[in-house]
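First comes the structure, then the notes that go with it.
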Amino acid sequence: MPHTPTCTAPLNTSRDQGDAPKKPVASHRDTLSQSQPPFQFQRVDTPDGGVTFRQHRHPGREGVVLDVSVAFGEASPAELSLDLRRRTRRGNGRIGEQRIFQWSLDARTAVQLASVLILIAETQLQDLDEQPHTTIAAEPDKADFGYNWVRDDMATAVTRLEQRKQRGHLFGLVQRCLELCDEKRFIQELALDLAAWAERSGDGYAAQKATSALAQIGLISERTLN
């Protein structure tokens with residue numbers, strides 16, 4: 001597992017007799033890392049149902065910050081907005097912000113960009129500074145998968161979609177059954193059969209969904225999910 005360095009500057013051992021030992025001097029990078037919060041982005045919900053993740057602003061510090069927002073329009077689907085701003089000191093001594101540029105992405109492009117960033121973070125950036133990274137899991141079912149879930153999902157995407165197309169009517173029938181069937185015993189048997197398949201398949205996502213489904217209809221305790 002990645003570890004956090006405990007010392008970033010070596011002691012100065014070359015000194016004349018009688019001189020006091022010199023203390024290690026923290027670098028500029030060390031000072032910045034100590035003043036940064038564990039997670040750089042804070043969530044702010046907006047009245048229109050969207051959400052903004054604002055990068056932490058260090059009081060009195062100049063630099064560039066990023067805000068990531070999702071907005072919902074009346075006539076258009078959700079859009080992702082990347083708002084890059086420069087913080088500079090004004091004549092009155094206060095810090096002001098000036099927009100550098102704003103980039104809007106449609107939902108499809110935004111999801112593709114997100115998958116690329118996750119891939120890069122997990123495969124290229126994870127161990128560069130020998131420190132653990134903080135990430136967000138959208139659902140508890142995905143918390144234990146991380147990059148492995150994304151990689152497996154991408155690797156099997158073509159096969160899964162083709163099989164879904166070939167079994168489209170069956171897919172729709174199962175969905176309709178779950179919506180309309182009021183025979184509790186039949187639904188329980190169906191869930192048990194699907195759970196048995198999930199266990200045999202070795203697919204982690206299917207196994208997680210099976211456990212959640214069995215708990216949802218009361219066949220296993222909710223404690224199993226914890």
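The values are calculated or read from the model by the stated rules, or taken from the named source; none is laboratory data. The structure displayed is predicted, hence computed values, not measured ones. Surface accessibility is based on the protein's heavy atoms, side chains included, excluding ligands, DNA and RNA. Shrake-Rupley method; radii C 1.70, N 1.55, O 1.52, S 1.80 Å.
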Hand me the list of helices (runs of 4 or more DSSP H) wholly inside the stretch 156-226 holding 2 or more residues that are over 20 Å from E139 (Cα atoms). 157-166, 168-180, 184-201
Quick check on the stretch 89-111. Is at least one of its residues farther than 21 Å from P47 by Cα, under 16 Å from the mean Cα position of the chain (by Cα) and not small (G, A, S)? yes
Can you name the residue in the stretch 191-208 that is open to solvent by less than 50 Å² (accessible area, probe 1.4 Å) and either of a type in the set (S, T, Y) or more than 25 Å from the chain's Cα centre (by Cα) (or both) and is also farthest from M154 (Cα to Cα) among such residues? A191
